[in-house]
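The values are calculated or read from the model by the stated rules, or taken from the named source; none is laboratory data. Note that the coordinates shown come from a computational prediction; the quantities given were computed from them, not determined experimentally. Heads up, the Cβs are rebuilt from the backbone with ideal geometry, glycines too, and the neighbour counts pull from every protein chain shown. To get the accessible areas, we keep the full protein, side chains included, count just its heavy atoms, and leave off ligands, DNA and RNA. Shrake-Rupley method; radii C 1.70, N 1.55, O 1.52, S 1.80 Å.
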Amino acid sequence: MAAGAAEAAAVVVEVGSARQFEELLRLRAKSLVVVHFWAPWAPQCAQMNDVMAELAKEHPQVSFVKLEAEAVPEVSEKYEISSVPTFLFFKNSQKVDRLDGAHAPELTKKVQRHASSGSFPPSGNEHPKEDLNLRLKKLTHAAPCMLFMKGTPQEPRCGFSKQMVEILNKHNIQFSSFDIFSDEEVRQGLKTYSSWPTYPQLYVSGELVGGLDIIKELEASEELDTICPKAPKLEERLKVLTNKASVMLFMKGNKQEAKCGFSKQILEILNSTGVDYETFDILEDEEVRQGLKAYSNWPTYPQLYVKGELVGGLDIVKELKENGELMPILKGEN
C-alpha cells in the first residue's frame with residue numbers, strides 16, 4: 001500500500017523555483033502541463049494533491065506539477081494566483097485554461113478535454129472579439145451597480161473583494177455581483193475592456209468607478225453615497241411591495257404553483273372570485289419573508305393585502321368568504 005502511494009506521488013513533479021518552472025514548461029512544451037498552486041496549511045490542497053496523483057496515473061502523457069504558491073511568489077504573481085488551490089493548464093508553454101478552487105470533477109473534466117485535443121483549444125477565440133465586448137457591455141449594465149469580484153458577496157475569495165463587499169454593505173448600497181472565477185473569458189476580457197488590470201472592479205450605470213483603493217478614497221471623501229444607488233430600507237421596500245397591486249398575496253410559491261397547502265387553498269378562493277390579484281413568493285426572498293412578519297405583526301403565511309392593508313391569512317379569508325364579506329373587501333368597498 002505504501003509503495004503504491006509512493007509510486008503515485010512520484011508522478012507529480014514538485015517545482016521549487018521560477019527558473020525550474022520556466023524550464024519545465026519549455027521541456028514539456030509538446031505535452032499538456034497541469035500545475036497545482038497549493039499551500040501546505042490548506043487541507044483542501046492535500047485532497048487535490050491526491051486527485052492529481054490519481055489523474056497522473058490515468059494520463060501518463062500529461063505532465064502534472066505542484067508548486068507551493070507562497071514559496072515561489074514571482075510565479076504566483078505572474079499568473080495572478082490569489083487563492084489556493086488554483087490549477088493552470090499549459091500547452092506550448094502558454095496558459096490555455098484555469099480552474100480556481102477544490103473542484104475534483106471539474107479538474108478531471110478539464111484534464112480529459114485538454115489531453116484529448118492535440119492542439120490549442122479554441123479558448124476565447126471561438127467568439128469574435130466584438131461578441132465578447134458586447135457581452136461585457138451587457139454584464140457591466142446588468143444592474144445599476146455591478147461588482148466584478150473573486151467569489152460571491154456571501155463567500156468572497158480574496159481579501160480585497162471581502163473589503164469591497166463590507167464597504168458597500170456598510171453604506172447600504174444596492175449592488176449585483178459577478179464571480180470572475182466562474183468565467184475566464186470575462187476575467188481576462190474585462191481587464192482590456194476597462195483598461196483596469198486587477199479585481200475587484202465596481203461599475204455604476206455601466207461605467208467603471210474603480211477598484212478597492214478608489215472606493216476607499218470615495219468613502220473617505222463622502223462621495224461614495226452620492227455615486228452608488230442605495231438599497232431601499234426594508235420597511236420602505238415592504239410598503240412598496242404590499243401596495244404593488246390593489247390585491248397582493250404573499251405566499252409560498254406563485255399563482256401557477258403553490259408550494260404549501262394553505263397557499264393552494266387561498267389561491268382557489270381568490271380565483272373563484274374573479275378579482276385581479278398579484279402574488280409574491282416569499283420562498284424567493286428571505287429578507288421579505290422574515291421582515292413582513294414583523295411589519296404586519298402576523299407570524300404565518302399566506303398573507304393577503306388589499307390597498308396595502310393586511311386582511312389576514314387563510315382562516316380569516318375563509319371566514320370572510322362564508323360571511324359574504326370577501327368580495328366587498330377585495331374590491332376596496334369595505
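A few comments on the model shown:
- Simple spin-label estimate for residue 192 and residue 219 in nanometres, 7 Å along Cα-Cβ: 3.3
- Rolling a 1.4 Å probe over the protein chains gives residue 284 an accessible area of about 140 Å².
- With all protein chains modelled, accessible area of residue 87 [1.4 Å, Å²]: 0
- Share of Cα-Cα pairs in the chain lying beyond 24 Å, as whole percent: 67
- Once the Cα atoms are used to define both axes, helix 159-170 deviates from the longest principal axis of the chain by about 10 degrees.
- Fraction of accessible area attributable to carbon and sulfur, the chain (%, probe 1.4 Å): 51
- Placed amide H near residue 280: partners under 5 Å, 5+ positions off or other chain: 249, 250, 251
- Alpha carbon convex hull of region 65-109, volume per residue in cubic angstrom: 82
- The 3J(HN,Hα) values that the Karplus relation (6.51, -1.76, 1.60; θ = phi - 60°) gives for region 256-267 are, in residue order, 6, 8, 6, 10, 7, x, 5, 5, 4, 5, 5, 4 Hz. Gly and Pro appear as x.
- Solvent-accessible ranking of 171, 114, largest area first, probe 1.4 Å: 171, 114
- Counting only heavy atoms of the protein chains and using a 1.4 Å probe, residue 321 has close to 110 Å² of accessible surface.
- Given charges at beta-carbon only (K, R positive; D, E negative), |dipole| of the chain in Debye: 660
- Taken over the Cα atoms of region 138-192, the convex hull encloses 82 Å³ per residue.
- Size-normalised alpha-carbon gyration radius of region 178-334, reference 2.2 N^0.38 Å: 1.49
- Straight-line cross-link reach from residue 244 at under 23 Å between alpha-carbon atoms covers these lysines, not counting any fewer than eight positions away in the same chain: 230, 233, 252, 255, 259, 264, 293, 307, 331.
- Lys/Arg +1, Asp/Glu -1 at C-beta; region 187-237 dipole; positive extreme among 210, 194, 227: 194
- Share of Cα-Cα pairs in region 249-298 lying beyond 12 Å, as whole percent: 63
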